[in-house]
Amino acid sequence: MNNCRVAVLVGSLRQDSYNRRLARAVEKLAPEKLEFVHVRIDDLPLYTQDFDADYPANAQRLKREIESAQALLFVTPEYNRSVPGVLKNAIDIASRPWGTNSFAGKPAAVIGTSIGVIGTAVAQHHLRSSLAYLDVPTLGQPEVYLHFRNDVIAPDGAISDGSTKKFLQGFVDAYVKWVERFVR
């Protein structure tokens with residue numbers, strides 16, 4: 001596989017997002033052939049089918065950014081046992097109008113972290129269900145339901161704990177192999 005552009009969608013808008021830290025940690029562990037591009041989702045209007053005739057400029061930008069990538073990485077927190085509304089809204093916008101699903105066929109992975117002991121397991125399950133419907137082949141194993149601790153992943157993605165680093169490296173290695181199955 002030559003260079004591969006990975007669209008990263010982080011479902012948290014918080015300034016010091018734990019999930020953004022996790023995304024940066026994964027990027028640091030990945031080989032140089034993967035180029036991670038964070039896709040902006042905080043400026044999107046709420047999806048309505050009224051857009052389908054004339055998409056707003058920021059929604060068109062989102063679709064272009066997804067379409068220009070060869071692979072996807074979803075990094076989600078868990079809000080009330082599901083995916084944050086901002087992430088679901090971005091998915092709805094980029095997958096519409098009918099017949100113009102920007103995600104279709106792109107290999108993906110879903111990961112997340114939370115201060116709760118089950119990480120983001122339930123949110124990831126919901127997200128995987130949506131992605132299956134949208135024809136997004138999603139890496140099944142290893143699952144990353146990371147219990148976040150502030151002293152383990154720094155804001156720049158540096159990992160201080162050896163076992164966490166080893167676990168995330170295993171995920172990255174599996175993700176690279178997964179993407180290589182789809183991207184030549």
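The values are calculated or read from the model by the stated rules, or taken from the named source; none is laboratory data. Just so it is clear, the model here is predicted, and its values are computed rather than measured. Cβ coordinates were reconstructed from backbone atoms using ideal geometry, including for glycine residues, and neighbour counts include every protein chain displayed. SASA here: full protein model, heavy atoms, side chains in, ligands and nucleic acids out. Shrake-Rupley method; radii C 1.70, N 1.55, O 1.52, S 1.80 Å.
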Q) So what's the angle, to the nearest 10 degrees on a 0 to 90 scale, between helix 18-29 and the longest Cα principal axis of the chain? A) 70 degrees
Q | Among GLN60, HIS147, VAL39 the positive-end extreme of the charge dipole of the chain (Cβ point charges) | A | HIS147
Q) Between rounded, prolate and oblate, where does segment 1-84 land on the alpha carbon gyration tensor, with a ≥ b ≥ c its root eigenvalues, rounded for a/c under 1.5, else prolate if a/b exceeds b/c? A) oblate
Q: Apply 1/(1 + (r/R0)^6) to the Cβ-Cβ distance of LYS28 and ASP151, taking R0 = 22 Å, and write down the FRET efficiency to the nearest 0.05.
A: 0.85
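How many Å² of accessible area per residue for segment 30-89, probe 1.4 Å?
Numbers: 3120 Å² over 60 residues.
Counting only protein heavy atoms, the per-residue value for segment 30-89 is 52 Å².
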Q.
Amide H of VAL144 versus every other amide H placed in the peptide plane: which residues, excluding those fewer than 5 positions away on the same chain, fall under 5 Å?
A. GLY112
Q | Lys pairs under 28 Å by Cα in segment 58-184, provided they are eight or more residues apart or on distinct chains | A | 10
(Q) Which of ILE118, ILE93, ILE66 ends up with the largest GNM mean-square fluctuation for the chain, with Cα atoms connected below 10 Å? (A) ILE118
**Q.** DSSP bridge orientation in segment 47-184 - percent antiparallel, rounded to nearest 5
**A.** 20 percent
Q) Taking springs between alpha-carbon atoms closer than 10 angstrom, which of ALA109, ALA71, ALA25 fluctuates most in the Gaussian network model of the chain? A) ALA25
Q.
Between helix 85-94 and the chain, what is the angle of the helix's C-alpha long axis to the longest principal axis, kept within 0 to 90° and rounded to the nearest 10?
A. 50 degrees
Q: Kindly express, to the nearest 10 degrees and within the range 0 to 90, the angle between helix 121-133's C-alpha long axis and the longest C-alpha principal axis of the chain.
A: 40 degrees
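Where does the chain land at 222 nm, in deg cm²/dmol rounded to the nearest 500, when only DSSP H runs of n ≥ 4 count, each adding -39500 (n - 2.57), divided by all residues? Don't skip to the answer; put the middle values down first.
On the way: 5 runs with 67 residues, N = 184.
The helix-only estimate for the chain comes to -11500 deg cm²/dmol at 222 nm.
What is the dipole size for the chain, taken about its Cα centre, with +1 at each Lys and Arg Cβ and -1 at each Asp and Glu Cβ, in debye to the nearest 20?
Numbers: 22 positive and 20 negative charges, 74 e Å.
Charge dipole, the chain, about its Cα centre: 360 debye, nearest 20.
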Q. Highest GNM mean-square fluctuation, the chain, Cα pairs closer than 10 Å: which of ALA158, ALA69, ALA53?
A. ALA53
Q: Express as a percent, rounded to the nearest 5, the fraction of DSSP beta bridges in segment 1-119 (both residues included) that run antiparallel.
A: 5 percent
Q.
For the chain, report the % of Cα-Cα distances exceeding 20 Å.
A. 51 percent
